[in-house]
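Working notes, structure below.
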Amino acid sequence: MCGIFGYIGNTKKKVALMTNKALCELEYRGYDSWGIAAESDKKMFSVKAVGKISLASTSALQGIEGNVAIGHSRWATHGGVTEANAHPHFNGAHTIAVVHNGIVENHDAIKSFLCEKLGNAFDGLFCSETDTEVIPHLIDYFITHEKKTFEAAFVEAGRMLEGRYAVVAMKIGEPYLLAMRDGSPLVIGKGNHEYFLASDVPAFLLHTRTVLYPGDREYLKISADTMLLRNLDTAKKVDREWTTVTWDKGSATKEGYPHYMLKEIMEQSLSLDKAIRQEDAKLAEFAKIMKDSEHLFFIGCGTAAKMAKLGELYVARIAGRLAHAYVGSEFKVYEQFLNKKSTIVAVSQSGETADVLEGLRVADAMNARILALLNVVGSSIDRMSKKTLFINAGPEIAVASTKAATAQIAVLMLIAYALAGKLAEGKHLMRGVVKDIKTWLTPDVSYDIQKIVVKLAKKNDLYIIGRGLSAPIAHEAAIKIQEVSYIHAEGFPGGELKHGPIALIEHGTPVIALIPNDETKRDMESNTMELRSRGAYVIGIAPENSRLFDEWIPVPDLGPASPIASIIPIQLLAYHLAVLRGNDPDKPRNLAKSVTVK
Ligand code: AGP
């Protein structure tokens, strides 16, 4: 999803080139076009392009020296993927440049306001189809017609915006940058006589580790040596703490793997090991809030929604508690059941997913308690939650969630054990799981799966079945295969097959059967038999081989942690399918890593 960057310093630098590099660090968020604006020799330099930032010819950027620049990587929402729609957007005189992440929901109303105020001068003013372009024109209107300063005009425009935004603006001749946020991510980095603004820390991690996260409806004015944060509505000064980023950029490199996705799959014994090192006291506090609740909900989106469903199953099986898991975008329906005795556990890798945040706002309005299971410290969901547990998976760069998903499973299990008052048992079990994954997940597993994938690469459809704890994994498997291989994939609970989907099975249709050694085994074997009788090509993911399988992917028997053993081979299968079909597994088409729009 869109990435924004801003820089201001006290000495001349190759600011356009620096912005280009910062945008490359945000590439993982997903985008389709990009652009940069910089002040150089008191003039506005700008560049916009469709396609990859990292492939841009940097020779034009090389010569641009200055103290101020802003940049943007765009993931199209309002208007197609064109240079005109790429950010930055400008006022008519090309003296004000704006980058924006989010949505201006009332952009039509603002256009009508400008049309009424400007009369004939409104004609031909807009150059793009975006919602964003209203912002520079609005700022310009307040400066030109209401004689406000750049700062006052920016604040006035900000107060008119409805929706979600992180905005950075610059104006030729003004020695400061302005920014504001409401609902979309924005982080400030403090360097030596210089400041950085970005959607995420990696954009400036090469320059500084000292960061500050502005809150919702706050705006800031930054020059090379000062930073002033204020409330957008009251203009009152806001004090927030600077913190230090402790994680290393090294953990966000490919380390010899051809793609981040493969690296992130193969390092899962490590990420699981970090995930289970949760402090007992923190788990106990988290579990206590859940225990004292009358209604318990898990919410998430995409992969995290499937993990939220597993959370529901784990608290039922391990702690005997009833919970309900919903996708963030559908949660509002349950608003009527929420009160101060309800607890909502948000599951999210990024902590920025708009649909989850929307669900949490509903919960917050009803005074419900918000807990979170996240990977990104300081993210918007982290800041909304009463208590957060971090999965400690390290930066997940590939769009497809892999190591974050298994880390979520591990911590959800620990939460359920803590809720049951059996945390020591849970931790012991999870330490064994980490050991088993470490022994099993070698390059040989990847190689064996690659051989199976050759037989699947030309198929149009693929189905996955599982029961009990494996049912959410069947759904998650489908997402993984869809998003990187672009093959039509669907997951079903094994028992649902004969109620409809079995009609899709023809001779040679590939079906993946998840058959761990648990209470679902016998029923799953019956379902697999039904499929084979209709000609399905069955790939079994199971600790034991069976005559029912055409192909067998052996996995360790992890007991209640079997979802971890089942999903890893599917992640590898999806990865190899993507590579074999010529797709970029790290940046699948149409997708973004952080989905910050509704
Ligand atoms: C996972 O492979 C997907 N790319 C996607 O479904 C993702 O899990 C979803 O958008 C939620 O993201 P979050 O965990 O950052 O909230």
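Of all residues in segment 371-390, those being farther than 13 Å from Val345 by Cβ and β-branched (Val, Ile, Thr) number 2. Against the test of being in the same structural domain as Gly359 (by TED's automatic domain parsing), away from the ligand (no atom under 16 Å from the Cβ) and either within 19 Å of the chain's Cα centre (by Cα) or on the phi < 0 side of the Ramachandran plot (or both), the options Tyr326, Tyr257 yield a single qualifying residue, Tyr257. Evaluate the following for Gly500: is it of a type in the set (Gly, Ala, Ser) and over 30 Å from Lys435 (Cβ atoms)? Spelling it out, Gly500 is indeed of a type in the set (Gly, Ala, Ser) and over 30 Å from Lys435 (Cβ atoms). Looking only at residues in segment 557-598 that are part of a loop (DSSP other than H, G, I, E, B) and at positive phi, the one that is nearest to the ligand (Cβ to nearest atom) is Asn590.
For segment 304-311, check the following and say yes or no: at least one residue is farther than 27 Å from Pro585 by Cα and either surrounded by fewer than 24 Cβ atoms within 10 Å (Cβ to Cβ) or within 16 Å of the ligand (Cβ to nearest atom) (or both). For segment 304-311, residues farther than 27 Å from Pro585 by Cα and either surrounded by fewer than 24 Cβ atoms within 10 Å (Cβ to Cβ) or within 16 Å of the ligand (Cβ to nearest atom) (or both): present. Scanning segment 34-80 for residues that are crowded, with 18+ Cβ neighbours inside 10 Å, farther than 24 Å from Gly102 by Cα and of a type in the set (A, V, I, L, M) yields Met44, Leu61, Ile64.
The requirement of being among the small types (Gly, Ala, Ser) and out of contact with any Phe, Trp or Tyr (no Cβ under 6 Å at 6 or more places or on another chain) is not satisfied by Ser73. Got a sec? Which of Ile541, Ile553, Ile567 is crowded, with 17+ Cβ neighbours inside 10 Å and free of Cβ contacts under 8 Å to residues at least 60 places away in the same chain? Answer to the selection: Ile541. Only one entry of Val155, Val168, Val134 meets the criterion of being free of Cβ contacts under 8 Å to residues at least 40 places away in the same chain, crowded, with 18+ Cβ neighbours inside 10 Å and not basic (Lys, Arg), and that entry is Val134. Of all residues in segment 533-545, which are assigned to a loop (DSSP other than H, G, I, E, B) and touching an Asp or Glu at 6+ places or on another chain (Cβ under 7 Å)? Within segment 533-545, Gly535, Pro543 meet the criteria. Applying the set (1) part of a helix (DSSP H, G or I); (2) more than 16 Å from the ligand (Cβ to nearest atom); (3) in the same structural domain as Met290 (by TED's automatic domain parsing); (4) not charged (D, E, K, R) to Asn367 leaves exactly one unmet item: (1).
Would a scan of segment 288-297 turn up a residue that is within 23 Å of Arg164 (Cα to Cα) and in contact (Cβ under 8 Å) with a residue 60 or more places away in the chain? No, that holds for no residue.
When Leu228 is tested against (1) closer than 28 Å to Gly30 by Cα; (2) assigned to a strand (DSSP E or B), only condition (1) is not met.
If you filter segment 474-494 down to residues that are touching a Pro at 6+ places or on another chain (Cβ under 9 Å) and more than 13 Å from the ligand (Cβ to nearest atom), you find that the one that is farthest from Tyr537 (Cα to Cα) is Tyr486. Here Ala346 does not qualify as of a type outside the set (D, E, K, R) and either away from the ligand (no atom under 14 Å from the Cβ) or farther than 26 Å from Thr244 by Cβ (or both). Filtering segment 2-17 to residues that are outside any strand (DSSP E or B), more than 17 Å from Val187 (Cβ to Cβ) and not charged (D, E, K, R) leaves Val15, Ala16, Leu17.
In segment 434-477, which residues are aromatic (Phe, Trp, Tyr) and in contact with a Ser or Thr (Cβ under 8 Å, 6 or more places away or on another chain)? Of everything in segment 434-477, just one residue is aromatic (Phe, Trp, Tyr) and in contact with a Ser or Thr (Cβ under 8 Å, 6 or more places away or on another chain), namely Tyr463.
Close Cβ contacts (under 8 Å, 6 or more residues apart or on different chains) running from residues in segment 473-500 that are under 18 Å from Gly300 (Cα atoms) to residues that are among the polar types (S, T, N, Q) and in a helix (DSSP H, G or I) comprise Ile473/Ser566; Glu476/Thr303; Ala477/Ser566; Ile479/Thr303; Lys480/Thr303; Lys480/Gln571.
Those strands (runs of 3 or more DSSP E) of segment 27-109 in which 3 or more residues are free of Cβ contacts under 8 Å to residues at least 60 places away in the same chain occupy 33-40, 43-50. If you filter segment 167-201 down to residues that are at pLDDT below 95 and of a type in the set (A, V, I, L, M), you find that the one that is nearest to Tyr213 (Cα to Cα) is Val187. Selection of segment 387-403 for residues being out of contact with any strand residue (DSSP E or B) (no Cβ under 9 Å at 6 or more places or on another chain) and either of a type outside the set (D, E, K, R) or away from the ligand (no atom under 16 Å from the Cβ) (or both) yields Asn392, Ala393, Gly394, Pro395, Ile397, Ala398, Val399, Ala400, Ser401, Thr402.
Scanning segment 380-407 for residues that are within 30 Å of Asn583 (Cα to Cα) and part of a loop (DSSP other than H, G, I, E, B) yields a count of 12.
The values are calculated or read from the model by the stated rules, or taken from the named source; none is laboratory data. Given the structure is predicted, the values throughout are model-derived calculations rather than measurements. Neighbour counts run over all protein chains shown; Cβ positions are idealised from the backbone, glycine included.
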